[in-house]
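Okay, so here's the structure we're looking at.
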Amino acid sequence: FDSAHAVVTKVIRYKNEWVTRNCLNLPYIHRIDVIETNLGKFFIGCTLCNEKRSMDDWSSPGAVYVGKISKDGLEIEDVQLLIKDITRNHGYFRNEFDAEGHVYVSCDKGIFEISVPTLEEPHWKVKRIINEPTSDIAVTDIDGDGILEILTIQPFHGNSISVRKMTDGKNEPVWTYQEKSEFGHVAWSGTILGKPAFIAGFRGGKKELLLLTWKKDHFESIEIDQEGGPCNIHVYHDETGDRILAANGNTGEAVLYTIKA
């Protein structure tokens, strides 16, 4: 939270040395991504706020900035303010389940769906799909019916984790975690043992890490661990099983979990 002079950089290997090049000054940058469509590569940067007088000062809202990556990959061009005045702009998710270049940003105003420019639709588009304060998000079609579900942590660093589904034009909860916990911070989606899954985690309360899957006609929640207090996770797959690498802030450890059939 002490990042008033934050800079987006590109690090490249040049003549056997690593060279860092500053691309864009963005105070309080929190999420960055490069999305490639059939129109080229595009930059997205989300800021927590515009300025801070203390860690808990949220009086100056954040924003979402976008731009185009130059052909040589060294510059961010045509930078523009896409969404402004969004407080606690914390969550970000890239939807890799479609070819349209959709990403999602969450904040106190809710969840925004951003459409990245393509040859067919060459302009940035923004649509708010949930109006409730949301901290972190993940998206997948967990039940395989062709309609995406959204895992949400609400409100900011909140204690409520739900799965929502688009029903009659509204994103309504279809599953809510019933255990009492605090400080939700991990929201992930992908495949575990070849099937769609969500993973959620808390930094407070029991500090648990959860695996959520779909079993024929209902959700199944499995507690992977307690007391770790995961800040973030990464999932990867190999020939022997699936691995979850967690940064457990409570215990000060990096922990590797292995899931086998």
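The values are calculated or read from the model by the stated rules, or taken from the named source; none is laboratory data. These figures come from a predicted structure and were not determined experimentally. Please note: Cβ atoms are built from the backbone with ideal geometry, for glycine as well, and neighbour counts cover all protein chains shown. Surface areas here come from the heavy atoms of the whole protein model, side chains and all, with no ligands, DNA or RNA. Shrake-Rupley method; radii C 1.70, N 1.55, O 1.52, S 1.80 Å.
Scanning the range 135-150 for residues that are not acidic (Asp, Glu) and not in a strand (DSSP E or B) gives Ser135, Ile142, Gly144, Gly146, Ile147, Leu148. Across the range 165-181, the qualifying residues are those that are part of a loop (DSSP other than H, G, I, E, B) and either in contact with a Ser or Thr (Cβ under 6 Å, 6 or more places away or on another chain) or at positive phi (or both), and the one among them that is most open to solvent (accessible area, probe 1.4 Å) is Asp168. Residues that are without any contact (Cβ under 8 Å) to a residue 12 or more places away in the chain and β-branched (Val, Ile, Thr) within the range 13-57 comprise Val19, Thr20, listed in sequence order. Residues that are open to solvent by 50 Å² or more (accessible area, probe 1.4 Å), part of a strand (DSSP E or B), within 19 Å of Val34 (Cα to Cα) and in contact (Cβ under 8 Å) with a residue 12 or more places away in the chain within the range 108-134 comprise just one, Val126.
For the range 143-154, a residue qualifies if it is in contact (Cβ under 8 Å) with a residue 40 or more places away in the chain, farther than 14 Å from Phe93 by Cβ and surrounded by 18 or more Cβ atoms within 10 Å (Cβ to Cβ), and exactly one does: Asp143. Does Gly184 meet the test of being closer than 21 Å to Glu132 by Cβ, open to solvent by less than 30 Å² (accessible area, probe 1.4 Å), touching a His at 6+ places or on another chain (Cβ under 7 Å) and touching a residue at least 12 places away in the same chain (Cβ under 8 Å)? Yes; evaluated as a whole, the condition is true for this residue. Let me spell it out: the conditions are (1) at pLDDT below 95; (2) within 23 Å of Gly144 (Cβ to Cβ); (3) surrounded by 18 or more Cβ atoms within 10 Å (Cβ to Cβ), and Leu212 meets all of them except one. Which number is the exception? For Leu212, the exception is condition (1). One residue stands out among those in the range 78-107 that are small (Gly, Ala, Ser) and in a loop (DSSP other than H, G, I, E, B): the one that is surrounded by the most Cβ atoms within 10 Å (Cβ to Cβ), which is Gly101. Looking only at residues in the range 53-77 that are open to solvent by less than 10 Å² (accessible area, probe 1.4 Å) and either more than 21 Å from the chain's Cα centre (by Cα) or of a type outside the set (A, V, I, L, M) (or both), which one is nearest to Glu172 (Cα to Cα)? Filtering the range 53-77 for residues that are open to solvent by less than 10 Å² (accessible area, probe 1.4 Å) and either more than 21 Å from the chain's Cα centre (by Cα) or of a type outside the set (A, V, I, L, M) (or both), the one nearest to Glu172 (Cα to Cα) comes out as Gly62. Considering every residue within the range 41-51, establish whether at least one is farther than 25 Å from Val139 by Cα, at pLDDT 90 or above and hydrophobic (A, V, I, L, M, F, W, C). There is no residue in the range 41-51 that is farther than 25 Å from Val139 by Cα, at pLDDT 90 or above and hydrophobic (A, V, I, L, M, F, W, C).
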